[in-house]
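Trainee: Encoded as structure tokens, here's the structure I'll be asking about.
The values are calculated or read from the model by the stated rules, or taken from the named source; none is laboratory data. Note that the coordinates shown come from a computational prediction; the quantities given were computed from them, not determined experimentally. We place every Cβ from the backbone using ideal geometry, glycine too, and count neighbours over all the protein chains shown. Quick note on the areas: whole protein, heavy atoms, side chains included, nothing else; ligands and nucleic acids left out. Shrake-Rupley method; radii C 1.70, N 1.55, O 1.52, S 1.80 Å.
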Amino acid sequence: MGKVASIKGRGSSVLKALRSIDRLSLILVIASATLLFVFIFLPIFTIVYNAFEEPDGGIGLKNFENFWTTPSYLRGLRNSVISAFLTLALASAIGVPVAFVMTRYNFPGKRIFTLLTILPLMVPPFVGALAITGMLGRNGTITNFLQWLFQSLGLDVALEGGFIQPSIFSIVFIQTLHLWPLIYLNTSASLSKIDPTLEESAKNLGASGLKLFRRVTLPLAFPGFAAGALLVFLWSLSDLGTPIMINFPEYSVFQAFTEFIIEGGYKEIASVISIVITAISALALLLVTRYVGLKEYAVVRAGAAPRAIQRKAGKKLSVMILLSLTILIIASVIPHIGTLIMAFTTRPAYGDWIPRGVTMEYMIRALSEESSSTAVANSLTYSLLASFFDIFLGAAIAYLLVRKKFPGKSLLDIVSMMPFAIPGIVIGLGYIHLFSRPIIGNFRLTSIWFILVISYAMRRLPYAVRSAHAVLQQVHESLEEAASNLGATKIKTLMSITIPLIMPGLVAGAVLTFINCFTEVSTSLMLQPIIGPFGFNASPLALQIFRESKGGPTAVRVASCLGVIQIIATIIGLYITNKLLGGKAGLAFGG
Amino acid sequence: MVDVKLENLVKAFGSVIAVDGVSLQISKSEFFTLLGPSGCGKTTTLRMIAGFNQPDNGEIYFNDRLMNYVPPDKRNTGMVFQNYALWPHMSVFKNVSFGLEMRKIPGQEIKERVKAALNLVGLGGFADRTPDQLSGGQQQRVALARALVIEPDVLLLDEPLSNLDAKLRVEMRKEIKSLQKKLAITTIYVTHDQKEALAVSDRLAVMGIGKIVQVGAPSEIYSNPKNRFVASFIGLINLFHGKVAVAKEKEVVIKTRMGLEIVASALDEVNTGMEVLVAVRPENVEVHRYGFTHPQKNVINGVIEAIEYLGSISRYSIKSDQKIINADQYSPEAEETLQLGDKATISFEREHISLIEIL
Ligand SMILES: Nc1ncnc2c1ncn2[C@@H]1O[C@H](COP(=O)(O)OP(=O)(O)OP(=O)(O)O)[C@@H](O)[C@H]1O
Ligand SMILES: [Mg+2]
């Protein structure tokens, strides 16, 4: 009897699955699938199509040929890949040891250092790059200080151009300073999850020292590290802000940007470069996710108390640890200090390093000049709307993925995670290609500010889905069933049980989305709509910072002040998140 | 009050057939238990009755009304979940009033009924607490109050006591039982604890993998298990494998594999040559000094292998021809005279034997 039934059941399983899905879920599936299709899949598809469009019309591989035969594009690609690997290596060289020390040893001042380690993530990289240039570049504060120091010591060293030259190494330096905490946080999350008894039992079986590390600790810590490494690699590869700030044009993403933005640029090559970079990202993502579930890792728990065994570090070791950590933190706060110096002190004479005094002049200017105050208001509006949008879409998709069975579920999963591996510039390009056709008269979708909201929301969607996924999984299904058992309809259950239970987690996720949108660079620079929510200025903060940073010395200072606003928003956001999640903030960072 | 009828229910998850042709009739106001080992399909059966799982086959009736396509929120069942499923963001009062609000009961009446329900389960003063401020037993009572307050047609309980400690479990099952009797709600109770099942049920069904093996009153199942699965599942029992040598009108003689002759009172459907299991409960076995005889009882000689003190009783394990026979004794005098390693004789009455046919 049972056998017959099950065979019959299997034959029509798709039909049955379709029939068994309730109406609410069906609406959600259709709505989210449509949004993903129009705003993620189609733009990418358009770029792919554009890459094959030959300049003289027709379809072919001409653009790819041009890419492979033009040395500057190849150098750009090489520089991008090399710097991504170098940044990864350097960030790992810092992040992994810090993770080990922080999870395995007790030493004086550890609590303070635990807090300090997330400092680098608080300065948006774009602003950080600006500040680092202001500190270490030509006529930078530190550059001039060292020059003065050498001179006083009677050394004949000329630091004319400063340390930040347009080169791979500057890019790697700037990125590493910002990104190493991603490796540290992910690795230590996974290290502290290791049950101490695992290591103890290995010791008990005679493994010790290096062997223990290689055979037990390393394999167990690897997933977290891999997730962090992936974030860093993808971030670096798709970074547009740093090469723009230090003016290093031979960098793939920058090249794509330039070719596309400048009048008469080779627009198709921008698509080709985008595809190449996306392909590399996707490959990295596939490689890592084959071994590591990204949903479980790549969510960073800042400040989670490690449960692993902690040894008390001896005197000598403590001194070494403290010394290295101090150096690391000092280096990591260069962007912070730089931003503050540039925003709040009067510019010294050329070649001088001591600021002439504290001033609010630049900040007042940043807030009173209409172009920049509008940019602040714009970015606030965009980020609020985008995170609001992501709360709903992210929760809907996560709900479907966690609770429902329906045909095409894995496709929904994949597409909603796609932006994770898609550089912002690709989304920007795709949107321009797809939505810049005039609809009525001269009106284009890309002319209106709302396109930025959508692009922000879509870029950050994977993070929203992931955090909603995590909170939903903590809400046991029987809580919903209990409501339905007592007579609550599907909608009623959703409104009075599910949503209130997942709200704190969702809001925390939304705050993070807000921060990320508020500091978003690549799509902000790509899409430049004309009509803003408050008149004919739709510039978001990042674009305004970019413009000011390319202006005179005073404009650069105003740019830093706008950066300070971003930093303040970031700190407030992180604080709220921590409060909402009761100190165990699941922070999702990344490109 | 409703009666519940399940007809040939089938439910598969992928290739696992969780419930495989279950048919049951549960009368109005009956306390009915589904008893079976872990994974046998009890929860799945209960969830189909509540409407959370759609059966692949078969029908569910409440009072002859076909329920298969009625959504869970329209079935008017009250379910107590294994993990209680209390809503952590609502107070005890809100948890209990939820079902009434869904039924659009006026506010004043809700207040009264919630209060009455909380008093009923002995939680009168706890209305303003949140679930995390309650002990496990109290949470369980809230879950019970929440299910009862809507005056459900059927009360469904899925191992509601499994998270409680042994003492509380016994107390709570008494409370549940007396509440159920007081309110006369048709109740389906799921458990894998045979003692619980025997203690609370009017009738129970023993489930094997996806199938009902035996249905009956506790005493019936206990004293007359239909097969070895039921017998061993329902409690410790002594089994002798044998063949019916003589089947007379009043008595049956079984020759066991070890060569013993056991005489049992005649039951229907026993024929000479039939392979049977002779089942005797330990509490029906008496231990005597070696050499005891009795014309009406079965006696077996052996050696005392172990004596276990289980509070009010002592369990003797007597070895006879490689076979261990368990006997539970209340009399303290046996303890004084019989020691570990002594020879002893056991006896049991013909009436206490049940014969299980081996198919
Ligand atoms: N949603 C599901 N998906 C797949 N298999 C399931 C699902 N629910 C139950 N099963 C399987 O169906 C069988 C019966 O499960 P069920 O939960 O009904 O058992 P149970 O008798 O309640 O067991 P327990 O006493 O452990 O609670 C098991 O083999 C179980 O693994
Ligand atoms: Mg169960």
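Trainee: So, in Å, what gap is there between the alpha-carbon centers of region B:21-96 and region A:438-455?
Mentor: 53 Å
Trainee: Let me ask another. Between B:Ser178, B:Ser201, B:Ser97, find the one with the highest GNM mean-square fluctuation for chain B; connect C-alpha pairs within less than 10 Å.
Mentor: In this elastic network of chain B, the residue with the biggest mean-square fluctuation among B:Ser178, B:Ser201, B:Ser97 is B:Ser178.
Trainee: Further question: Please give the calculated 222 nm ellipticity per residue for chain B, where each DSSP H segment of at least 4 residues contributes -39500 (n - 2.57) and the sum is spread over every residue; nearest 500 deg cm²/dmol?
Mentor: On the way: 9 runs with 91 residues, N = 359.
The per-residue figure over chain B is -7500 deg cm²/dmol.
Trainee: Follow-up question, since we're still on this one. How large is ³J(HN,Hα) for each residue in region A:235-250, as worked out from phi by the Karplus curve 6.51 cos²θ - 1.76 cosθ + 1.60 (θ = phi - 60°), to whole Hz, x for Gly and Pro?
Mentor: Those phi angles translate into 4, 5, 4, 9, 6, 9, x, 4, x, 5, 5, 8, 6, 10, x, 8 Hz.
Trainee: Can you quote the Å³ per residue value for the convex hull of the Cα atoms in region B:121-172, rounded to an integer?
Mentor: Convex hull volume per residue, Cα atoms: 89 Å³.
Trainee: Given the C-alpha centroids of region A:483-544 and region A:257-275, what is the distance between them in whole angstrom?
Mentor: 31 Å
Trainee: In nm, to one decimal, how far is the modelled label at A:Glu54 from the one at A:Thr359, with both set 7 Å along Cα→Cβ?
Mentor: So the label points at A:Glu54 and A:Thr359 sit 5.9 nm apart.
Trainee: Right, something else. Using a Gaussian network model on chain B with a 10 Å cutoff between Cα atoms, which of B:Glu109, B:Glu305, B:Glu175 fluctuates the most?
Mentor: Its mean-square fluctuation being the largest, the pick is B:Glu109.
Trainee: Among B:Leu340, B:Phe13, B:Ser314, whose Cα sits farthest toward the positive end of the charge dipole of chain B (+1 at Cβ of Lys/Arg, -1 at Cβ of Asp/Glu, about the Cα centre)?
Mentor: B:Phe13
Trainee: Looking only at other chains, what is the average number of their beta-carbon atoms within 10 angstrom of each beta-carbon in B:53-60? Mind dumping the intermediate values first?
Mentor: Values: counts 0, 3, 1, 6, 7, 2, 0, 0.
Counting other chains' Cβ atoms within 10 Å and averaging over B:53-60 gives 2.
Trainee: Apply 1/(1 + (r/R0)^6) to the Cβ-Cβ distance of B:Glu112 and A:Asp413, taking R0 = 60 Å, and write down the FRET efficiency to the nearest 0.05.
Mentor: Working: r = 49 Å, r/R0 = 0.81.
Once rounded, the FRET efficiency stands at 0.80.
Trainee: Can you tell which of A:Val96, B:Pro225, A:Ile269 lies farthest toward the positive end of the dipole of the protein assembly as shown, using +1 and -1 charges on the Cβ of basic and acidic side chains (Lys, Arg; Asp, Glu)?
Mentor: A:Val96
Trainee: Oh, and also: How are the alpha carbon pair distances in region B:4-232 distributed across 5 Å bins from zero to the largest one, expressed in percent?
Mentor: With a bin width of 5 Å, the distribution comes to 1, 7, 15, 18, 19, 16, 12, 7, 3, 1, 0, 0.
Trainee: To continue, here is another question. Would you mind working out the accessible area per residue for chain B, using a 1.4 Å probe, and quoting it in Å²? Provide the component values of the computation, followed by the final result.
Mentor: Working: 16280 Å² over 359 residues.
For chain B, the solvent-accessible area averages 45 Å² per residue.
Trainee: Using +1 at the C-beta of Lys and Arg and -1 at the C-beta of Asp and Glu, which of A:Ile174, A:Asn66, A:Leu115 has the Cα lying farthest in the positive direction of the dipole of region A:49-185?
Mentor: So the residue we want is A:Leu115.
Trainee: Mind checking the full-extension length gain between A:Ile327 and A:Gln474? Use 0.36 nm per residue of separation minus the Cα-Cα distance, one decimal, nm.
Mentor: Numbers: separation 147, 0.36 × 147 = 52.92 nm, distance 4.02 nm.
The span from A:Ile327 to A:Gln474 would gain 48.9 nm if fully extended.
Trainee: Roughly how many debye, to the nearest 20, is the charge dipole of region B:4-232 about its Cα centre, given +1 on each Lys and Arg Cβ, -1 on each Asp and Glu Cβ, and no other charges?
Mentor: Values: 29 positive and 23 negative charges, 58 e Å.
Around 280 debye, computed over region B:4-232.
Trainee: For region A:526-576, what does the equivalent ellipsoid look like in terms of its semi-axes, each the square root of 5 times an eigenvalue of the Cα gyration tensor, given largest first in whole Å? Mind showing how you got there, number by number?
Mentor: On the way: eigenvalues 87, 64, 13 Å².
Three semi-axes, in Å: 21, 18, 8.
Trainee: Can you give the relative contact order of region B:4-232 as a percent, counting alpha carbon pairs under 8 Å and 6+ residues apart? Before the final figure, lay out the partial values.
Mentor: Numbers: 423 pairs, mean separation 65.4, N = 229.
Relative contact order of region B:4-232: 29 percent.
Trainee: Keeping the other protein chains in place, figure out the carbon and sulfur percent of the accessible area of the protein assembly as shown, with a 1.4 Å probe.
Mentor: Of the solvent-accessible surface of the protein assembly as shown, carbon and sulfur hold 61 percent.
Trainee: Can I ask one more? Amide H to amide H under 5 Å from B:Ala306: which residues, 5+ apart in sequence or cross-chain, H placed 1.01 Å off N in plane?
Mentor: Answer set, sorted by chain and number: B:Ser317.
Trainee: Taking amide H atoms as placed 1.01 Å from N in the peptide plane, list the residues 5 or more away in sequence, or in a different chain, whose amide H sits under 5 Å from that of B:Gly21.
Mentor: Hits under the 5 Å cutoff: B:Leu9, B:Val10, B:Lys11.
Trainee: In addition: Longer than 18 Å from Cα to Cα, which of B:Lys104/B:Lys177; A:Lys409/B:Lys11; B:Lys5/B:Lys28; B:Lys5/B:Lys42 are they? Say none if no pair is. Write out the running numbers ahead of the final one.
Mentor: Details: B:Lys104/B:Lys177 30 Å; A:Lys409/B:Lys11 23 Å; B:Lys5/B:Lys28 11 Å; B:Lys5/B:Lys42 16 Å.
Beyond 18 Å between Cα atoms: B:Lys104/B:Lys177; A:Lys409/B:Lys11.
Trainee: If the cut-off is 27 Å between C-alpha atoms, which lysines fall inside it for B:Lys323, apart from same-chain ones fewer than 8 positions away?
Mentor: B:Lys195, B:Lys226, B:Lys243, B:Lys255, B:Lys297, B:Lys343
Trainee: Restrict the search to region B:187-294; then list the trypsin sites (Lys or Arg not before Pro) that DSSP places in a loop and that have at most 15 other Cβ atoms within 10 Å of their Cβ. If you can, show how the numbers build up before the last one.
Mentor: Working: sites: B:Lys195, B:Arg203, B:Lys211, B:Lys226, B:Arg228, B:Lys243, B:Lys248, B:Lys250, B:Lys255, B:Arg257, B:Arg289; in loops: B:Lys211, B:Lys226, B:Lys248, B:Lys250, B:Arg257.
Sites meeting the loop and neighbour criteria: B:Lys248, B:Lys250, B:Arg257.
Trainee: Sticking with this structure for a sec: Under unit Cβ charges (Lys, Arg +1; Asp, Glu -1), what dipole magnitude, rounded to 20 debye, does the protein assembly as shown have relative to its Cα centre?
Mentor: Charge dipole of the protein assembly as shown: 680 debye, to the nearest 20.
Trainee: Something else now. Which chymotrypsin sites (Phe, Trp or Tyr not before Pro) does region B:50-83 hold that lie in a coil by DSSP with at most 16 other beta carbons within 10 Å?
Mentor: Working: sites: B:Phe52, B:Tyr61, B:Phe62, B:Tyr69, B:Phe81; in loops: B:Phe52, B:Tyr69, B:Phe81.
Passing sites in region B:50-83 are B:Tyr69.
Trainee: To continue, here is another question. Per the Kirkwood treatment, what hydrodynamic radius in Å, one decimal, follows for region B:237-357 from the mean inverse distance over all distinct Cα pairs? List each step's numbers first, then the result.
Mentor: Numbers: mean 1/r = 0.0682 Å⁻¹.
So the Kirkwood estimate lands at 14.7 Å.
Trainee: Which lysines have a Cα lying under 22 Å from the Cα of B:Lys111, excluding residues fewer than 8 positions away in the same chain?
Mentor: Within reach: A:Lys492, B:Lys94, B:Lys182.
Trainee: Using modelled backbone amide H atoms (1.01 Å from N, in-plane), which distant-in-sequence or interchain residues come within less than 5 Å of A:Ser238's amide H?
Mentor: Long-range HN contacts for A:Ser238: none found.
Trainee: Ranking request for peptides A:363-375, B:23-35, B:291-303: highest mean number of other beta-carbon atoms within 10 Å first, then the rest in descending order. Mind showing how you got there, number by number?
Mentor: Working: A:363-375: 16.9, B:23-35: 19.5, B:291-303: 14.0.
Ranked from most to least packed, the peptides come out as B:23-35, A:363-375, B:291-303.
Trainee: Can you pull the one-decimal nm distance between simple spin-label points at A:Leu115 and B:Glu171, each 7 Å off the Cα toward Cβ?
Mentor: The modelled label-to-label distance comes out at 4.7 nm.
Trainee: In whole Å, how far is the Cα centre of region B:213-282 from that of region A:76-155?
Mentor: So the two Cα centres are separated by 83 Å.
Trainee: If one puts a single equal scatterer on every Cα of region A:481-591 and applies the Debye formula without solvent, what log₁₀ I(q)/I(0) results at q = 0.16, 0.21 Å⁻¹?
Mentor: Log-scaled intensity ratios, in q order: -0.86, -1.09.
Trainee: So, one more: ³J(HN,Hα) across region A:258-271 via Karplus (A = 6.51, B = -1.76, C = 1.60, θ = phi - 60°), whole Hz, x for Gly/Pro?
Mentor: After applying 6.51 cos²θ - 1.76 cosθ + 1.60, I find 4, 4, 7, 6, 6, 4, x, x, 7, 5, 5, 5, 4, 5 Hz.
Trainee: What does the buried accessible surface come to for A and B, summed over both chains, with the probe at 1.4 Å? Round to 100 Å².
Mentor: 2200 Å²
Trainee: Now, a different point. ³J(HN,Hα) across region A:493-504 via Karplus (A = 6.51, B = -1.76, C = 1.60, θ = phi - 60°), whole Hz, x for Gly/Pro?
Mentor: Karplus-based 3J(HN,Hα) across region A:493-504 equals 4, 4, 6, 9, 10, 4, 5, x, 6, 9, 4, x Hz.
Trainee: Okay, moving on. Helix B:92-102 against the longest principal axis of chain B: what's the angle in degrees, Cα atoms only, rounded to the nearest 10?
Mentor: The two axes meet at around 70 degrees.
Trainee: Report the charge-dipole magnitude of region B:182-236 in Debye, nearest 20, computed about the Cα centre from +1 at each Lys and Arg Cβ and -1 at each Asp and Glu Cβ. Walk me through the numbers on the way to the answer.
Mentor: Values: 6 positive and 4 negative charges, 24 e Å.
Once rounded to the nearest 20, the dipole reads 120 debye.
Trainee: What does chain A give for Rg and for Dmax, in Å, if only its C-alpha atoms count?
Mentor: Cα radius of gyration and Dmax of chain A are 25.6, 97 Å respectively.
Trainee: Taking accessible area as the heavy-atom solvent-accessible surface of the protein chains with a 1.4 Å probe, which residues of region B:102-132 lose no less than 10 Å² upon going from the isolated chain to the full protein assembly?
Mentor: B:Met102, B:Arg103
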